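Heads up: the structure comes next, in structure tokens.
Where a number appears in this text, it was derived from the coordinates with a stated rule and is not lab data. In this text, all values refer to a predicted model and were calculated from it rather than measured experimentally. Every residue, glycine among them, receives a Cβ derived from its backbone with ideal geometry; neighbour counts consider all protein chains shown.
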Amino acid sequence: MEIEVNGKSFETDEEGYLVNLAEWEPGIAEVMAKEDDLELTSEHWEILNFLREYYEEYQIAPAVRVLTKAVGKKLGAEKGNSKYLYSLFPYGPGKQACRFAGLPKPTGCI
Amino acid sequence: MAKTDFEVPELHEYVDVPALEEGVMAHLSPFVAKPDHQEPLNFPGELVEDWHDKTLAKLDDLRSRYRSLQVYLDACVKCGSCTDKCHYYLGTKDPKNMPVGRQDLLRKVYRRYFTFAGKYFPKLVGAEDLTRETLDDWYSYYHQCSQCRRCSVFCPYGIDTAEISMAAREILDSIGYGQKYCNEIIAKVFKIGNNLGLPGPALADTLEGLEEDVFDETGIEVKYPLDVKGADILLVTPSADFFAEPHVDGLIGYGKVFHEAGVSWTMSSHASEAANFGMFIGSYENMRRVSMRVREAALELGVKRIVFGECGHAWRVAYSFLNTLAGPFDFLDPDYPVPQHICEFTNDLIEKGKLNFDKSANDHMTLTFHDSCNVARATRMGDKPGGQFEIPRAVIKAVCNNYVDMHHETIGEKTYCCGGGGGLLTDDLMEIRVKGALPRMTALKNAVEEQGVTHMAAICAICKSQFTKVLPYYGMTMDQIVSVHQLVSNAIVLTGQKTEDDESEEQEAEG
């Protein structure tokens, strides 16, 4: 599978994740979101940017609690919870947001 | 909740035995493993050219290695006892999801090539040729079995469909037709140390965050140590406990219990996974390789005891197979079980009166307990029969005022699978996961409506994740599933911890 972004095509796997993570660019997140009937707002991008920063440091997506804590510190306690993240990414912050942000899919008993 | 392109079953008071609808689930197969997922497990990267001969040779090998498999393939008398016992049949109506129907997929090939009657009079005994289509049928329906072993409780011969399903997956892997979900994960364990692929620094960062959170909440410095040499206890827990909710709330609870017990403990970045998907794919070799990491970590860190966290099939591997796979554990302290379940550990302290609880901390909930299949039917806890049912309930009752059981036909050794066990906890199998959850969701909904249950506790990472996903399909909410040690964590009063009463008294004194 592949997706078209700004005239370039990017290979994705059967679950819609980018195959070559190094190719990621913001337009990819926009196109993937559109396919999921989502419009990315600045609230979404706050999360996506955090995911990318964390990934660059640790080579893995942050644990849900690490993510909610960071969001809570930055955006206020009322947003530091899973409910807020699911309201932005209904398929789940771990899976949907990671896919948009060009992170590998978290696997395992989750 | 994601969009669905399948019909979600409606909940009624009882789960009716449905009229058969042949082939309705034939379309559902998980993603196939790629060479990158296959080769680290020593399986061929893709379907081999001589798959026909290789399949029969592997089947022959397995039936000679595992006498149980030979007996199961021979012993079925088609009595029908198992037919309505599988949650996947009840939820899908597909006769190949009846345990006997599932077994027959392999049995008919076994009969055709390995029995006298099947060789010469195949039609009389339901024997069939092995074809390319047979492989696809196996791939589809042996990945619609969670190996929960409920059917085996009702089989008068004790035929264990899980072992047949494991054998079928082992055959498929051996000819290069493996499942992406399981095999990608096992490869990650070999490379990084856990199913999630959490490297050591990410683990350390996550645990440091938990220490901060517990300190903020209680004012007590509870440690969540990683790779500490010379600690007494090695905790091996599913990596979902680091990553997901409500799992992590359970991990927080284990740490508080260890803290109160005054023992030295550690986790290991090398053995940062309790789960062992080698069992799901029926591969003794891979199950052993995963298990050896626990032994290596225990030796490297010089621990005296091993405790397992809340993980269903991990406890089966640990309780039933660990000594054979990775033993002998003669370097551990013989005064304690090798290994020990975290619920046994906590319950011992409760019985000795060493933990203080404020049960009212859980008063906003009425709890019930979901017996996880592998714990219920393949293990034990404590030193009495049925301890695996009694001990987790004893822990919950010690920390909660409101507890009721679900219908007796759906708990204990007759417990229904969550619907996501045995390597099925992947998005590409969501349809079977949702449909297979029907019996458990029915029992839970009844307990909600009749007994005011608000939350269900479990001691398995897969169960917790599965319920988080499927509860919304049945009109309930994802946060209705909780960890048992989350309840412990809520109620435990740490030594020196200020309770709300203390704080208000202080305020009064100051005021």
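General remarks:
- Dmax and Rg, reported as Rg then Dmax, of the range B:102-216 (C-alpha, Å): 21.3, 75
- C-alpha long axis of helix B:161-174 to longest principal axis of chain B, angle in °: 70
- Loop-located trypsin sites (Lys or Arg not before Pro) in the range B:338-367, at most 10 other Cβ atoms within 10 Å (DSSP): B:Lys352
- According to the calculation over all Cα-Cα pairs in the range B:155-265, the P(r) per 10 Å bin from zero is 12, 32, 24, 18, 11, 2 %.
- Principal-axis tilt of helix B:387-399 within chain B, Cα atoms, nearest 10 degrees: 30
- Here B:Phe369, B:Phe467, B:Phe114 are placed in order of increasing Cβ neighbour count within 10 Å, fewest first, which gives B:Phe114, B:Phe369, B:Phe467.
- Between A:Glu14 and B:Thr115, the modelled labels are 3.3 nm apart [label points 7 Å from Cα along Cα→Cβ].
- For the range B:120-130, backbone phi angles converted through the Karplus equation (6.51, -1.76, 1.60; θ = phi - 60°) give residue-by-residue couplings of 9, 10, x, 5, 5, 10, x, 8, 9, 5, 7 Hz, Gly and Pro being listed as x.
- Global geometry of the range A:42-100, whether rounded, prolate or oblate, following the gyration tensor of its Cα atoms and the 1.5 cut on a/c: oblate
- In terms of other Cβ atoms within 10 Å, A:Val5, B:Val15 run from fewest to most in the order A:Val5, B:Val15.
- Applying 0.36 nm per residue to the separation of B:Glu7 and B:Phe190 and subtracting their alpha-carbon distance, the gain on full extension is 62.0 nm.
- Cα long-axis angle, helix B:247-261 against chain B (0 to 90 degrees, to the nearest 10): 50
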